[in-house]
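Presented below is the structure to which this report refers.
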Amino acid sequence: MYILILSTAPKVEAKEIAKKLIEKKLVACVNIGSVDSIYYWANGICDDKEELLIMKTKEELFESVEKEIKLLHSYDTPEIIALPIILGSKEYLKWIDDSIM
């Protein structure tokens, strides 16, 4: 199954994480965009600027992607969640296959 993995990171880490995942052929592509994140952490409400990473890969690589993100990420508990890609163009999905392990 094809999946999107979502994570957030400080700007200085986002591109490093993306490049490492692509170098290791764990993901085919990472889109990075700036977001305002408001969340509860350490007994308070936080309001931070972060980068949202949207990664395209396959379900069987999730654990490897998760492990790599945790190695590179400065957060104690980084967001690492996956959503199924239920449909996609044949050409794009083939490109994902050709770009990953």
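No lab work stands behind these numbers, since they all come straight from the coordinates. Quantities reported herein were computed from a predicted structural model and do not represent experimental measurements. Neighbour counts run over all protein chains shown; Cβ positions are idealised from the backbone, glycine included.
Which members of the stretch 23-42 meet the condition of being closer than 22 Å to LEU93 by Cβ and out of contact with any helix residue (DSSP H, G or I) (no Cβ under 8 Å at 6 or more places or on another chain)?
Hits for the stretch 23-42 are GLU23, ASN31.
Which of the following residues is in contact with an Asp or Glu (Cβ under 9 Å, 6 or more places away or on another chain) and touching a residue at least 24 places away in the same chain (Cβ under 8 Å): LYS20, LYS56?
The match here is LYS20.
Return the residues of the stretch 46-101 that are over 18 Å from SER34 (Cα atoms) and of a type in the set (S, T, N, Q); say none if nothing qualifies.
Residues satisfying the conditions are THR57, SER64, THR77, SER89, SER99.
Give just the number: which of (1) surrounded by 10 or more Cβ atoms within 10 Å (Cβ to Cβ); (2) free of Cβ contacts under 8 Å to residues at least 12 places away in the same chain; (3) basic (Lys, Arg); (4) farther than 16 Å from THR8 by Cβ does LYS70 not satisfy?
It fails just one condition, (4).
Name the residues in the stretch 1-24 that are surrounded by fewer than 13 Cβ atoms within 10 Å (Cβ to Cβ) and among the basic types (Lys, Arg), would you?
Matches in the stretch 1-24: LYS11, LYS19.
Using beta carbons and a limit of 7 Å, which pairs, at least six apart or on different chains, have the first residue in the stretch 1-16 and closer than 18 Å to GLY88 by Cα and the second one among the charged types (D, E, K, R) and surrounded by fewer than 17 Cβ atoms within 10 Å (Cβ to Cβ)?
MET1/GLU59; ILE3/GLU59
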